[in-house]
Amino acid sequence: MLSTTSRSLTYLCALLYGVLGISLFLMPEQLSPVFAWKVTAFMTMTIGGWCIGNAWLAYITSRRWEWKLVYSSLIYLWLFGIGELIVLFFFRDKLKLEHPIAWLYLITLIVNVLAAFVGVFDYLRLRPSNKLSGTAITKIQSLPAVAFVLFVGFLGLYGLTAQIGDIGTNGGIFPEVMSLFTLRSFGVFYFALALGVIPYFWDRSLNAVLHHSFAAYGLIVFITAAAFVYIGLFNFAERPGGLAYFGAYFAVGIPLIFIFRKFGTGSPKN
């Protein structure tokens, strides 16, 4: 497995994302005006949901810390931190660092990127094995991973390349108009999610798939919860694309509950 330093940095990511996420999630109205860039309260709460989800993912991954089990979760976390920090760099003229919450966001991403660099260095140095062990999923059972990558990867690429005014950017799916800064940040999040699942095109370890799903489940729960809090912003009659926003999370989240009940969560003891 990777080094103790890498594990400690991942635990630190869990702590920082947890403090940041809980703050943004519970106080979106108060913190949206002083966040790192111009966002609405709903966007702030959604970003808080990402952060709480990342905190859970980093924590459970650090606890289990077995490369063949957790490596895809680490790939997602590393790509997320690197991608979001790059977005901050390109939009640095829009960055506002007057409030501690904005500094906490920046510091959290810096620690995340540091964890990524140390983790990649450890991997190249130690070459931990992710050789299949335990039960393997079938090719048919891996099809949802393919569908997830294609759908979420498309959303990520679109968020990274679309311009304001393009289809879906004016409240057609997400109920508020995003700035280009916010759109790119959402794009990085979805693209990192998609890339993190790609290894399961060939890695058929059931426990690894279960761990990744369980580690990422906090993202589903808290992002969906934020949408329900601000459900009044959605106008499903005039902008039915909003149904897709909810539907995507339900389509993933609900089946996973039954899968966890049947197969467990990928714990090393399973």
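Could you check, for segment 136-155, whether at least one of its residues is assigned to a loop (DSSP other than H, G, I, E, B) and basic (Lys, Arg)?
yes
Which residue pairs have Cβ atoms under 9 Å apart, sit 6 or more places apart or on different chains, and have a first residue in segment 105-119 that is at negative phi and assigned to a helix (DSSP H, G or I) and a second that is among the polar types (S, T, N, Q) and buried (at least 18 other Cβ atoms within 10 Å of the Cβ)?
108/54; 112/54; 115/6; 115/10; 118/6; 119/6; 119/10
Would you mention how many residues in segment 88-135 are more than 22 Å from residue 9 (Cα to Cα) and modelled with pLDDT of 90 or more?
Qualifying residue count for the region: 11.
Do we have any residue at all in segment 123-135 that's among the basic types (Lys, Arg) and either at positive phi or in contact (Cβ under 8 Å) with a residue 60 or more places away in the chain (or both)?
Yes, there is a match, as at least one residue in segment 123-135 is among the basic types (Lys, Arg) and either at positive phi or in contact (Cβ under 8 Å) with a residue 60 or more places away in the chain (or both).
For the subset of segment 79-101 comprising residues that are in a helix (DSSP H, G or I) and more than 19 Å from the chain's Cα centre (by Cα), which member is nearest to residue 58 (Cα to Cα)?
Here the residue is 101.
Could you check segment 24-77 and list, in sequence order, the residues that are part of a helix (DSSP H, G or I) and among the aromatic types (Phe, Trp, Tyr)?
Result: 25, 42, 50, 56, 59, 67, 71, 76.
Got a sec? Which of 41, 14, 36 is crowded, with 23+ Cβ neighbours inside 10 Å and touching a helix residue (DSSP H, G or I) at 6+ places or on another chain (Cβ under 8 Å)?
Every option except 36 fails the conditions.
Could we say that residue 29 is surrounded by fewer than 20 Cβ atoms within 10 Å (Cβ to Cβ) and either over 22 Å from residue 182 (Cα atoms) or small (Gly, Ala, Ser) (or both) here?
So residue 29 does not fit the description; no.
Is it fair to say residue 171 is in contact (Cβ under 8 Å) with a residue 24 or more places away in the chain, over 19 Å from the mean Cα position of the chain (by Cα) and buried (at least 17 other Cβ atoms within 10 Å of the Cβ)?
yes
Inside segment 232-270, can you point out the residues that are among the β-branched types (Val, Ile, Thr), surrounded by 13 or more Cβ atoms within 10 Å (Cβ to Cβ) and assigned to a helix (DSSP H, G or I)?
252, 259
Could you list all residues from segment 44-86 that are surrounded by fewer than 23 Cβ atoms within 10 Å (Cβ to Cβ) and of a type in the set (Val, Ile, Thr)?
Result: 60, 75, 82, 86.
The values are calculated or read from the model by the stated rules, or taken from the named source; none is laboratory data. The model shown is predicted, which means the values in this text are computed figures rather than measured ones. With ideal geometry, Cβ positions are generated from the backbone for all residues, glycine too; neighbour counts draw on all protein chains shown.
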